[in-house]
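Asks: Would you mind keeping the following structure in view while I ask a few things?
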Amino acid sequence: MQEFTVLERKESYFLCRKGTGHCRIIIDENSQTLPLGTFMLHAEEISDRYTHHANDSVFRLLMPFEQQGNIDICTLATGRKNHFVYKRCLQLGGKWEPVLNEWVFSAAIKHEVDKLAEQINSELLYIEATFNETIKLTTGPLTLFGYPLVKSVGSNGRVQLNYGVKLTAGEIVCMPADTVQTIILADSKVQLFVPKALLELSSCHEDFLCIVDIEKKRKPRKKPTFPW
C-alpha cells in the first residue's frame with residue numbers, strides 16, 4: 001500500500017500528493033467514491049506521457065475504495081533477480097519481505113499476483129542472443145529480458161557473468177568513469193534461460209532488442225539450479 005493525499009477532484013482524475021511531489025489517480029469504477037484526504041491505497045502506477053499528456057506520475061486503484069482496508073495478504077517468490085519483475089511488483093504495491101524472501105501483497109489483488117507468478121514460472125526456454133551492433137549502457141546494468149548479465153567487475157574491467165549466463169562469442173566489458181559504462185561488442189553471443197511468457201511479453205523487452213537476434217537453442221543436459 002502507498003500513501004496518497006487526495007487534494008482535488010477533476011473531471012477525469014484526482015490531483016494528489018505522494019511523498020514530496022504531486023501525482024494523479026484516474027477516475028474509474030474503483031475510484032469513483034474516493035474522498036479527499038490522506039489514505040493508504042493499493043494502487044498501480046500506469047504513467048505514460050503520451051497517453052496522459054503529462055510528465056507527472058499517474059496511478060489507478062487496484063480495488064474499490066471501500067475494499068482498500070483489506071488486510072489479508074498473499075506472497076510471491078520471484079526467483080532470479082529480474083528488472084521488469086521487480087518493477088511490476090512495485091507497481092502492484094508489493095513490499096519485499098527479507099525474512100520470507102518473498103514479496104508481500106494485499107490478497108485483494110491476488111489475481112494480478114497469480115498472473116505474474118504464472119509468467120515467471122512458465123516454461124523455461126534456452127536462448128542465444130546475438131548482438132548485431134555494439135551496445136553501450138550508462139543508465140543501468142546490462143540485462144536481457146530483465147535478467148542482469150553481469151555479476152561483478154574486476155579492476156581491469158573484465159566481468160564475471162551471472163549464474164546460468166554463458167558468453168559464447170565476443171566480449172562484455174565495463175569501463176569505469178563518472179558512471180560505469182557497460183559495453184557489449186557487436187557479434188557477441190549470450191546464452192541463458194528465459195521463461196517463455198517473459199520472452200513473449202513486450203513489457204519485458206529492452207529497447208535495444210531491435211538490434212539483437214534471438215534464437216531458441218537446445219537446452220543443456222543439466223539445467224542449472226539457480227541459487228536465488
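Asks: Report the residue count in region 85-102 for those that are closer than 22 Å to Y163 by Cα and crowded, with 18+ Cβ neighbours inside 10 Å.
Replies: Of the residues in region 85-102, 1 are closer than 22 Å to Y163 by Cα and crowded, with 18+ Cβ neighbours inside 10 Å.
Asks: Suppose we keep only residues that are in a loop (DSSP other than H, G, I, E, B) and of a type in the set (V, I, T) within region 166-214. Which one would you say is modelled with the lowest pLDDT?
Replies: The extreme case among them is T179.
Quick grid of which residues meet (1) at negative phi; (2) touching a residue at least 60 places away in the same chain (Cβ under 8 Å); (3) of a type in the set (A, V, I, L, M):
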{"site": "E97", "(1), (2), (3)": "yes, no, no"}
{"site": "I109", "(1), (2), (3)": "yes, yes, yes"}
{"site": "K136", "(1), (2), (3)": "yes, no, no"}
{"site": "T168", "(1), (2), (3)": "yes, no, no"}
{"site": "L185", "(1), (2), (3)": "yes, no, yes"}
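The values are calculated or read from the model by the stated rules, or taken from the named source; none is laboratory data. These numbers were taken from a predicted model, which means no experiment stands behind them. FYI the Cβ positions are ideal-geometry reconstructions off the backbone, even for glycines, and counts take in every protein chain you see.
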